[in-house]
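Trainee: Sharing a structure below in structure tokens format, with a few things to ask.
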Amino acid sequence: MAVTDKQLIADVKAGHYKPVYLLTGEENHYIDLMSDFFEQQVIEEAMRDFDLTVVYGRDTDMASVVSDAKRFPMMSPVHLVLVKEAQDIDTRQWEQLAAYLEHPSDRGVIVFCYRHKKLDKRTAAYKAIDKKGVVYEAPKVWDNQVPGWIKNEVAAQGFAISDKAAALIAESIGSDLGKIVNELRKLYPLLSPGAAITEELVEQQIGISKDYNVFELQKAIGRRDPVMCNRIVNHFAANPKKNPIQMLLPVLYGYFLKVMFYHQLADKSDAAKVLGVAPSFVKDYAAAAANYPLGKLATCIGYLHDADLRSKGVRNSGSVTDGELMKELIFKVIH
């Protein structure tokens, strides 16, 4: 049975346990949260040495997992078996789980943390889990959803964050939610209740420059501002490890696509929702659309493709650095 996170949490808190849970999907952060929730909610801390078994897929086999699930709990309502990196268990062994689930122990709970990929729905094991247990598929957070996700995450902790600060973190760290949460945790102790995370605080504590970053580069490109573009690109060239070209190019590609989308919107009042940006940023895309007709945008995407190939050694003997490639790229884009 497939469920949402809210359904799963409510059922477990109420003590309505299933014999098996499959936590799967591409979003590792949510799998980690659910794994921690089971460990903390199902077994009291004092009983975890007796009624909690934690194993890793690469270090165990399905026969051992099933055997652990059959153990009678000492002081807890169930014996919890937490299988991390479950995708590392040999696929041929999963049939043993299907056989066990025909008559599972009513005092054992198995939680599989199955990362990066999905268990084949055609297998007997998946069908048995779906019938006798619970499947939770962690929702994917796409790149354009990350700034909004950051705002919601910060709000859940009792704080606020400016649109620009959220965009800075998203553009610099990407969509690794676990890494983003770790960086945000550095900031919370510095804030009073209800205070807002600013771009200045992000710069000071996380090390992301509020003036020289890909977010500011996008804005300078949109204005066709050669002075600011050159300042930012020169900063990137001087700090190549913090600003690798292979991180910058996909972000710029996404930026140009959004400007293209803005061009083609019949109703510009929907721009923030369609582009996946905060409403306060729509004016920047409107300005960029005024400066870049669709034909020029298509040409710019071609420049990005060429720079990507050259950064990987195609038509580049190695004498041209990534910093020089970026300078050449931005010159072509804004002229």
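The values are calculated or read from the model by the stated rules, or taken from the named source; none is laboratory data. What you see is a predicted model; the values in this text were computed from it and never measured. Note that each Cβ is placed from the backbone with ideal geometry, even for glycine, and that neighbours are counted across all protein chains shown.
Trainee: Among the numbered criteria (1) assigned to a loop (DSSP other than H, G, I, E, B); (2) more than 21 Å from the chain's Cα centre (by Cα); (3) closer than 20 Å to ASN28 by Cβ, which one does SER105 miss?
Mentor: (3)
Trainee: Could you please find all residues in region 94-116 being within 28 Å of LYS140 (Cβ to Cβ) and touching a helix residue (DSSP H, G or I) at 6+ places or on another chain (Cβ under 6 Å)?
Mentor: Residues satisfying the conditions are TRP94, LEU97, ALA98, LEU101, ILE110, VAL111, PHE112, CYS113, TYR114, ARG115.
Trainee: Report yes if LEU252 is outside any helix (DSSP H, G or I) and at pLDDT 90 or above, otherwise no.
Mentor: no
Trainee: On to the next question. For region 60-93, which residues satisfy the criterion of being acidic (Asp, Glu) and free of Cβ contacts under 8 Å to residues at least 40 places away in the same chain?
Mentor: Result: ASP61, GLU85, ASP88, ASP90.
Trainee: Can you go through ILE110, ILE129, ILE89 and tell me which one is crowded, with 18+ Cβ neighbours inside 10 Å, within 18 Å of MET62 (Cβ to Cβ), in contact with a Gly (Cβ under 6 Å, 6 or more places away or on another chain) and of a type in the set (Val, Ile, Thr)?
Mentor: Of ILE110, ILE129, ILE89, the one residue that is crowded, with 18+ Cβ neighbours inside 10 Å, within 18 Å of MET62 (Cβ to Cβ), in contact with a Gly (Cβ under 6 Å, 6 or more places away or on another chain) and of a type in the set (Val, Ile, Thr) is ILE89.
Trainee: Regarding VAL83, is this residue out of contact with any Asp or Glu (no Cβ under 8 Å at 6 or more places or on another chain) and of a type in the set (A, V, I, L, M)?
Mentor: Answer is yes for this residue.
Trainee: Go over the candidates ALA278, ALA289 one by one and state the one that is surrounded by 15 or more Cβ atoms within 10 Å (Cβ to Cβ), under 16 Å from GLN218 (Cα atoms) and modelled with pLDDT of 95 or more. Write out each step before concluding.
Mentor: Details: ALA278 fails: modelled with pLDDT of 95 or more.
Testing whether each residue is surrounded by 15 or more Cβ atoms within 10 Å (Cβ to Cβ), under 16 Å from GLN218 (Cα atoms) and modelled with pLDDT of 95 or more leaves just ALA289.
Trainee: Which of the helices (runs of 4 or more DSSP H) found entirely inside region 259-335 contain at least 3 residues meeting this: among the charged types (D, E, K, R)?
Mentor: Correct list: 294-311, 322-334.
Trainee: Sticking with this structure for a sec: Would you confirm, using the coordinates I've provided, whether LYS84 is modelled with pLDDT under 95 and out of contact with any His (no Cβ under 6 Å at 6 or more places or on another chain)?
Mentor: Details: modelled with pLDDT under 95: no; out of contact with any His (no Cβ under 6 Å at 6 or more places or on another chain): yes.
Considered against the rule, which asks whether it is modelled with pLDDT under 95 and out of contact with any His (no Cβ under 6 Å at 6 or more places or on another chain), LYS84 comes out as no.
Trainee: Is region 232-246 home to any residue that is farther than 20 Å from LEU304 by Cα and not in a loop (DSSP other than H, G, I, E, B)?
Mentor: Checking region 232-246: at least one residue is farther than 20 Å from LEU304 by Cα and not in a loop (DSSP other than H, G, I, E, B).
Trainee: Within region 34-70, track down each residue that is closer than 16 Å to TYR21 by Cα and not hydrophobic (A, V, I, L, M, F, W, C). Outline the logic, then answer.
Mentor: Applying the first criterion (closer than 16 Å to TYR21 by Cα) to region 34-70 yields 34-43, 52-57, 62, 65-66, 68-70.
Hits for region 34-70 are SER35, ASP36, GLU39, GLN40, GLN41, THR53, TYR56, GLY57, ASP68, LYS70.
Trainee: Okay, next question. Cβ contacts < 9 Å: first residue within 14 Å of VAL78 (Cβ to Cβ) and assigned by TED's automatic domain parsing to the domain that holds ALA69, restricted to region 10-31; second residue exposed (fewer than 15 other Cβ atoms within 10 Å of the Cβ) and small (Gly, Ala, Ser), any location; separation 6+ or different chain. Result?
Mentor: HIS16/ALA10
Trainee: Same structure, new question: Test each condition in (1) in contact with a helix residue (DSSP H, G or I) (Cβ under 6 Å, 6 or more places away or on another chain); (2) closer than 23 Å to SER311 by Cβ for VAL202 and report the one that comes out false.
Mentor: (2)
Trainee: How many residues does region 130-143 contain that are under 28 Å from ASP176 (Cβ atoms) and either acidic (Asp, Glu) or over 24 Å from the mean Cα position of the chain (by Cα) (or both)?
Mentor: 2
Trainee: Scan region 199-220 and report the pairs whose first residue is under 13 Å from VAL233 (Cβ atoms) and of a type in the set (A, V, I, L, M, F, W, C) and whose second residue is at pLDDT below 85 and not in a loop (DSSP other than H, G, I, E, B), with Cβ atoms within less than 8 Å and a gap of 6+ or a chain change.
Mentor: What qualifies is VAL214/GLU171; VAL214/SER172.
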